[in-house]
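The values are calculated or read from the model by the stated rules, or taken from the named source; none is laboratory data. Everything quoted here is computed from the prediction, not taken from an experiment. Here the Cβ positions follow ideal geometry from the backbone for every residue, glycine too, while neighbour counts run over all protein chains shown.
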Amino acid sequence: MNPERIERLLNQVAAGDVTAADALEELRDFPYQKLDHTTIDTHRELRQGTPEVVFGAGKSGEHLVEILDRIYKNHHRALATRVSRRKARIVEEALPEVRYDRLSRLLALGPRPEAKAHPYAVVACAGTSDLPVAEEASQTLEFLGHRVERLTDVGVAGLHRLLDKFEALREAHVVISVAGMEGALTSVIGGLVACPVIGVPTSVGYGISRGGEAALHAMLSSCASGVSVVNIDNGFGAAMVASLIMRSGMKDAG
């Protein structure tokens with residue numbers, strides 16, 4: 001349940017349009033709802049500003065249908081990450097209004113908020129092999145109502161490609177840098193901008209890259225100040241941190 005819905009309900013009670021008993025019935029499952037297989041945190045949007053997001057890996061398609069449907073009924077929007085195409089088909093059959101993106105593996109329900117021009121986030125990825133993680137970050141931010149500028153295939157093997165996008169980087173409120181291999185892109189961006197930079201190492205690379213560990217260690221060892229790092233392939237986690245940074249900046253400006 002979101003703050004606007006609770007405020008509207010309280011105003012209706014105060015005006016006498018809704019009885020206290022009816023209001024209690026609407027709040028009956030607050031702050032959580034139990035399904036046979038899941039306990040849904042319906043209080044999270046009130047606490048943190050965004051509804052609970054479902055991690056789709058490990059859940060059956062049928063369970064995803066129930067969970068997403070219940071979250072949508074409470075928040076009028078829902079998001080699931082790491083959903084396979086097979087599971088997505090099951091959800092699409094039960095919930096035809098769902099939107100599935102094969103690249104990011106995100107499932108979304110409900111309207112996407114209209115994003116303001118500023119502040120905005122930049123999501124930069126070193127190579128096209130990093131795009132699934134970069135799109136997970138980008139589309140999560142857009143689901144949360146933020147404007148995103150995408151910089152694709154701007155890795156350090158061709159540094160001129162990144163420098164050509166310097167204006168977009170300079171005006172960003174936060175930058176998410178997505179890179180595998182040696183993960184050098186994050187340090188380079190960290191040395192160019194004045195805003196926070198969130199590094200996302202990806203499991204892209206040969207041999208000693210060790211499924212993203214080399215990029216992770218490189219980003220954690222970055223000499224650029226103002227750089228933070230999330231786990232390997234965690235585009236969603238980076239987007240949530242970026243969203244908090246931008247929302248904090250909007251509160252300060254207001």
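Worth pointing out:
- For ALA214, the conditions (1) at pLDDT 95 or above; (2) within 30 Å of GLU52 (Cα to Cα) all hold with the exception of (2).
- Picking from residues in the range 55-99 that are assigned to a helix (DSSP H, G or I) and of a type in the set (Asp, Glu), the one that is nearest to ARG44 (Cα to Cα) is ASP69.
- If the condition is being within 15 Å of LEU106 (Cα to Cα) and of a type in the set (A, V, I, L, M, F, W, C), then the range 43-56 contributes VAL53, VAL54, PHE55.
- Hey, LEU192 within 29 Å of THR50 (Cα to Cα) and aliphatic (A, V, I, L, M) or not: no
- Residue tally, condition in contact (Cβ under 8 Å) with a residue 60 or more places away in the chain and over 17 Å from the mean Cα position of the chain (by Cα), over the range 186-202: 1
- Scanning the range 11-44 for residues that are surrounded by 11 or more Cβ atoms within 10 Å (Cβ to Cβ), modelled with pLDDT of 75 or more and farther than 25 Å from GLU62 by Cβ yields ASN11, GLN12, VAL13, VAL18, THR19.
- Checklist (1) assigned to a helix (DSSP H, G or I); (2) at pLDDT 85 or above; (3) surrounded by fewer than 20 Cβ atoms within 10 Å (Cβ to Cβ) applied to LEU103, failing item: (1)
- Given (1) without any contact (Cβ under 8 Å) to a residue 60 or more places away in the chain; (2) surrounded by fewer than 21 Cβ atoms within 10 Å (Cβ to Cβ); (3) within 22 Å of ALA134 (Cα to Cα), number of the condition THR50 does not satisfy: (1)
- Residue within the range 108-128 that is outside the structural domain of PRO196 (by TED's automatic domain parsing), assigned to a helix (DSSP H, G or I) and exposed (fewer than 15 other Cβ atoms within 10 Å of the Cβ) present: no
- Among the candidates LEU162, LEU141, LEU169, residue that is among the aliphatic types (A, V, I, L, M), within 27 Å of TYR206 (Cβ to Cβ) and either in contact (Cβ under 8 Å) with a residue 40 or more places away in the chain or in a helix (DSSP H, G or I) (or both): LEU162
- Qualifying position, being of a type in the set (A, V, I, L, M, F, W, C), modelled with pLDDT of 90 or more and within 16 Å of PRO132 (Cβ to Cβ), among VAL178, VAL174, VAL197: VAL178
Per-residue answers, yes or no, for (1) in the same structural domain as GLU136 (by TED's automatic domain parsing); (2) within 18 Å of the chain's Cα centre (by Cα); (3) farther than 12 Å from ARG105 by Cβ:
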| residue | (1), (2), (3) |
| --- | --- |
| GLY58 | no, no, yes |
| ILE71 | no, yes, yes |
| HIS75 | no, yes, yes |
| SER84 | no, yes, no |
| ALA94 | no, no, yes |
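- Qualifying residues in the range 211-231 (those that are farther than 15 Å from LEU185 by Cβ and of a type outside the set (Gly, Ala, Ser)) - the one surrounded by the most Cβ atoms within 10 Å (Cβ to Cβ): GLU213
- Condition check for MET219: part of a helix (DSSP H, G or I) and touching a Pro at 6+ places or on another chain (Cβ under 6 Å): yes
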